[in-house]
Amino acid sequence: MAHNPPGVLTDVVDGVGIVTLNRPEVRNALNAELRAGVPRALLDFDGRDDVHAMVLTGADPAFSAGIDLKELSFGVDGGSAQPTMHQGPFPPLTKPLIGAVNGVAVTGGFEYALGCDFLIASERARFADTHGRVGVMPGWGLTVHLAEAVGVRRARQLSFTGDYLDPETALLWGLVNEVVAHDDLLPRAIQIGRTIGELVPGAAANLKATYREVLDHPPGEAWAIEVARSNAWLASDYDRDRLAATREQIQRRGRDQI
């Protein structure tokens with residue numbers, strides 16, 4: 001396991017790697033240490049065979065209040081508050097990343113949340129894009145990911161006003177997948193991560209790569225990409241014997257959820 005700074009906590013529970021932003025005294029503001037440490041911790045989990053999915057969360061009371069403005073105002077880190085990678089705040093990852101939003105996710109913290117594959121929100125979660133009020137511009141993909149999640153008109157409203165979005169509205173708008181009681185947030189995220197771990201080996205990574213690739217192309221090209229990736233998967237060393245062996249288990253799980 002790579003060495004992490006004090007502001008980044010890591011743990012593994014049932015094959016789920018958990019990364020926690022841990023500067024609660026400043027609402028997990030993203031200083032240079034966190035901006036370097038979080039991607040490094042995620043990459044470490046992404047390369048481990050005993051980790052099947054990852055969860056990103058914050059130490060209460062916040063998910064993250066965004067870039068550390070005190071550090072930014074003093075020019076710490078050479079003004080590198082915004083990364084240059086176009087993928088978002090994190091490097092490309094092969095394993096699903098679940099955002100467990102336990103409190104406010106503001107500006108850069110909002111972008112950290114949007115960098116996850118999907119979000120589970122606590123009843124205490126709040127979301128806001130205050131870039132315009134702070135006087136900085138988004139550079140981690142907010143204008144892309146937020147528009148994908150809630151639609152461009154709602155995204156513009158959030159960015160132009162800087163108003164906060166409550167979790168119930170975030171669920172209605174499609175920003176978050178679920179809203180749960182605060183104490184149930186991390187257990188629920190871990191439960192989902194365990195479920196992901198039950199997939200056929202390599203399936204989650206292939207699905208994630210397909211989603212990432214098709215979203216970069218118009219619909220016609222996206223269909224062709226999906227078909228090509230599907231055919232490549234079936235032509236590979238796909239374990240058909242495993243499918244036959246688990247067929248009843250798969251069907252039983254489906255019946256239990258209907």
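What is the one condition in (1) surrounded by fewer than 17 Cβ atoms within 10 Å (Cβ to Cβ); (2) within 15 Å of the chain's Cα centre (by Cα) that ASP166 does not satisfy?
The single condition ASP166 does not satisfy is (2).
Which condition does LEU185 not pass, out of (1) part of a helix (DSSP H, G or I); (2) not assigned by TED's automatic domain parsing to the domain that holds LEU56, if it passes all the others?
It fails just one condition, (2).
Being modelled with pLDDT of 95 or more, outside any helix (DSSP H, G or I) and aliphatic (A, V, I, L, M), is that true of even one residue in the range 195-202?
The answer is no; no qualifying residue exists.
Restricted to the range 120-136, and to residues that are part of a loop (DSSP other than H, G, I, E, B) and modelled with pLDDT under 95, which residue is surrounded by the fewest Cβ atoms within 10 Å (Cβ to Cβ)?
GLY135
What is the residue count in the range 24-56 for residues that are in a loop (DSSP other than H, G, I, E, B) and either closer than 17 Å to GLU111 by Cβ or of a type in the set (Asp, Glu) (or both)?
6
Just the residues that are part of a loop (DSSP other than H, G, I, E, B), modelled with pLDDT of 90 or more and either assigned by TED's automatic domain parsing to the domain that holds GLU213 or in contact with a Gly (Cβ under 8 Å, 6 or more places away or on another chain) (or both), please, taken from the range 57-90.
Across the range 57-90, the qualifying residues are ASP60, PRO61, ALA62, PHE63, ALA65, GLY66, PRO89, PHE90.
If you take the residues in the range 203-258 that are in a helix (DSSP H, G or I) and β-branched (Val, Ile, Thr), which one is modelled with the lowest pLDDT?
THR246
Report every pair of residues separated by at least 6 positions or lying on different chains whose Cβ atoms are under 9 Å apart, first residue within the range 127-149 and within 22 Å of ASN102 (Cβ to Cβ) and in contact (Cβ under 8 Å) with a residue 12 or more places away in the chain, second assigned to a helix (DSSP H, G or I) and among the basic types (Lys, Arg).
Filtered contacts from the range 127-149: LEU146/ARG154.
This table checks each residue for (1) touching a Leu at 6+ places or on another chain (Cβ under 9 Å); (2) surrounded by fewer than 18 Cβ atoms within 10 Å (Cβ to Cβ).
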site	(1), (2)
GLY108	yes, no
VAL144	yes, yes
ARG153	no, yes
GLY162	no, yes
TRP173	yes, yes
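Return a yes/no flag: does the range 224-235 have any residue that is touching a residue at least 24 places away in the same chain (Cβ under 8 Å) and closer than 21 Å to GLY99 by Cβ.
Scanning the range 224-235, I find no residue that is touching a residue at least 24 places away in the same chain (Cβ under 8 Å) and closer than 21 Å to GLY99 by Cβ, so the answer is no.
Restricting the search to the range 137-165, which residues are assigned to a loop (DSSP other than H, G, I, E, B) and either touching a strand residue (DSSP E or B) at 6+ places or on another chain (Cβ under 8 Å) or aromatic (Phe, Trp, Tyr) (or both)?
TRP140, GLY162, ASP163, TYR164
The values are calculated or read from the model by the stated rules, or taken from the named source; none is laboratory data. Just so it is clear, the model here is predicted, and its values are computed rather than measured. FYI the Cβ positions are ideal-geometry reconstructions off the backbone, even for glycines, and counts take in every protein chain you see.
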